[in-house]
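*Asks:* One structure is given below, represented as structure tokens, and several questions about it will come after.
The values are calculated or read from the model by the stated rules, or taken from the named source; none is laboratory data. Please read all numbers here as calculations on a predicted model, not as lab measurements. Reconstructed Cβ throughout: ideal geometry from the backbone, glycine too, with neighbour counts over all protein chains shown.
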Amino acid sequence: MDVTDATFQAEVIDRSNQVAVVVDLWAEWCEPCKSLGPILEKVIAEQGGKVVLAKVDIDSNPNVAQAFQVQSIPAVFGLVDGQVAGSFVGAQGEDAVRTFVEGLLPGEEVSEIDRLIAIGDEPSLIAALAIESDNVAAVTALALLLVERAGDGDEDAALKLLERIPESADTRRISALARTEAVDDVEGALAELLPAVKGDEDARQRFVDLLEVLGPDDERTAGWRRRLTSALF
């Protein structure tokens, strides 16, 4: 459901006394929000009504964003009994989102590692990995957090972290984000790289990374993959 400043108290705070509520703070201009939204919807739909999704457009509803002290989006908060029970910032993979949502469910035994992953901040994720060093949800969540923070050495640390777990769509995307600087014109960059991909391994890797950043759901990805295949063979 879409929630506004005016309906937030009733639809989120009050409702969280009966059922867990996941609040998705997003905006139309936010590309990572568009990839996270369908994952949240899918995972929450699996819970059979035990969890409710509340979507808040922060451009139209600044009071909600201010209440959560949001500095970047997507930002997701889980509320239980009127209180924030967990949160994360940035687009997450399906496994990490499922762990987060399941950690909000009432009346179920939640392991310490799942509780830490549901909290989702850096100290909690590090603590989770101290318990289980190759936990997929914790590794991907922490790696993505490092990539999005982009401090000195964060990208290299994220890539090293991802070596602990098997390759997946999530790990490929996060690795690509770690290796790729932000590009305003992705298609322009792909077109520039295409003539060099056959003979230049670095150009080929950057091309593939840009496709991973676009993601399989972007309508441009399939076309550029076909062009890459033609250029290589």
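*Asks:* For the stretch 198-233, give me each residue that is assigned to a loop (DSSP other than H, G, I, E, B) and either free of Cβ contacts under 8 Å to residues at least 12 places away in the same chain or farther than 27 Å from Leu144 by Cβ (or both).
*Replies:* Passing the criteria: Lys198, Gly199, Asp200, Asp218, Phe233.
*Asks:* Would you mention how many residues in the stretch 16-39 are part of a helix (DSSP H, G or I) and farther than 17 Å from Val80 by Cα?
*Replies:* The number of residues fulfilling the criteria is 9.
*Asks:* Go through Val43, Val76, Val64, Val12 for me and flag whichever is out of contact with any helix residue (DSSP H, G or I) (no Cβ under 6 Å at 6 or more places or on another chain), crowded, with 17+ Cβ neighbours inside 10 Å, on the phi < 0 side of the Ramachandran plot and not in a strand (DSSP E or B).
*Replies:* Checking each option against the conditions leaves just Val12.
*Asks:* Of a type in the set (Ser, Thr, Tyr) and either surrounded by fewer than 20 Cβ atoms within 10 Å (Cβ to Cβ) or touching a strand residue (DSSP E or B) at 6+ places or on another chain (Cβ under 6 Å) (or both) - does that describe any residue in the stretch 161-175?
*Replies:* Yes, the stretch 161-175 contains at least one residue that is of a type in the set (Ser, Thr, Tyr) and either surrounded by fewer than 20 Cβ atoms within 10 Å (Cβ to Cβ) or touching a strand residue (DSSP E or B) at 6+ places or on another chain (Cβ under 6 Å) (or both).
*Asks:* Turning to a different aspect of this structure: Can you tell me which residues in the stretch 169-187 are in contact with an Asp or Glu (Cβ under 7 Å, 6 or more places away or on another chain), of a type in the set (D, E, K, R) and not in a helix (DSSP H, G or I)?
*Replies:* Those that are in contact with an Asp or Glu (Cβ under 7 Å, 6 or more places away or on another chain), of a type in the set (D, E, K, R) and not in a helix (DSSP H, G or I): none in the stretch 169-187.
*Asks:* Hey, another quick one. With respect to the numbered conditions (1) surrounded by 13 or more Cβ atoms within 10 Å (Cβ to Cβ); (2) at pLDDT below 85; (3) farther than 18 Å from Gly93 by Cβ, which one is the sole condition not fulfilled by Asp185?
*Replies:* Asp185 satisfies all of (1) surrounded by 13 or more Cβ atoms within 10 Å (Cβ to Cβ); (2) at pLDDT below 85; (3) farther than 18 Å from Gly93 by Cβ except (1).
*Asks:* Within the stretch 145-168, does at least one residue satisfy the condition of being within 20 Å of Val97 (Cβ to Cβ), polar (S, T, N, Q) and either in a helix (DSSP H, G or I) or touching a Ser or Thr at 6+ places or on another chain (Cβ under 6 Å) (or both)?
*Replies:* No, the stretch 145-168 contains no residue that is within 20 Å of Val97 (Cβ to Cβ), polar (S, T, N, Q) and either in a helix (DSSP H, G or I) or touching a Ser or Thr at 6+ places or on another chain (Cβ under 6 Å) (or both).
*Asks:* Considering only residues that are under 24 Å from Ser168 (Cα atoms) and surrounded by fewer than 21 Cβ atoms within 10 Å (Cβ to Cβ), which ones fall in the stretch 79-89?
*Replies:* Ser87
*Asks:* Still on this model: Answer yes if at least one residue in the stretch 20-40 is without any contact (Cβ under 8 Å) to a residue 40 or more places away in the chain, over 26 Å from Glu219 (Cα atoms) and over 19 Å from the mean Cα position of the chain (by Cα), and no otherwise.
*Replies:* For the stretch 20-40, residues without any contact (Cβ under 8 Å) to a residue 40 or more places away in the chain, over 26 Å from Glu219 (Cα atoms) and over 19 Å from the mean Cα position of the chain (by Cα): absent.
*Asks:* So which pairs qualify, if the first residue must be in the stretch 112-137 and in a helix (DSSP H, G or I), the second must be modelled with pLDDT under 95 and charged (D, E, K, R), the Cβ gap must be under 6 Å, and the two must be at least 6 apart or on different chains?
*Replies:* These pairs meet every condition: Ile113/Glu132; Val136/Asp95; Ala137/Asp95.
*Asks:* Can you tell me which residue among Lys50, Lys34 is more than 22 Å from Arg173 (Cβ to Cβ), modelled with pLDDT under 95, surrounded by fewer than 18 Cβ atoms within 10 Å (Cβ to Cβ) and not assigned by TED's automatic domain parsing to the domain that holds Ile174?
*Replies:* Among Lys50, Lys34, only Lys50 is more than 22 Å from Arg173 (Cβ to Cβ), modelled with pLDDT under 95, surrounded by fewer than 18 Cβ atoms within 10 Å (Cβ to Cβ) and not assigned by TED's automatic domain parsing to the domain that holds Ile174.
*Asks:* Let me ask another. Would you confirm whether any residue within the stretch 70-79 is over 17 Å from Gly120 (Cβ atoms) and within 16 Å of the chain's Cα centre (by Cα)?
*Replies:* No, every residue in the stretch 70-79 fails to be over 17 Å from Gly120 (Cβ atoms) and within 16 Å of the chain's Cα centre (by Cα).
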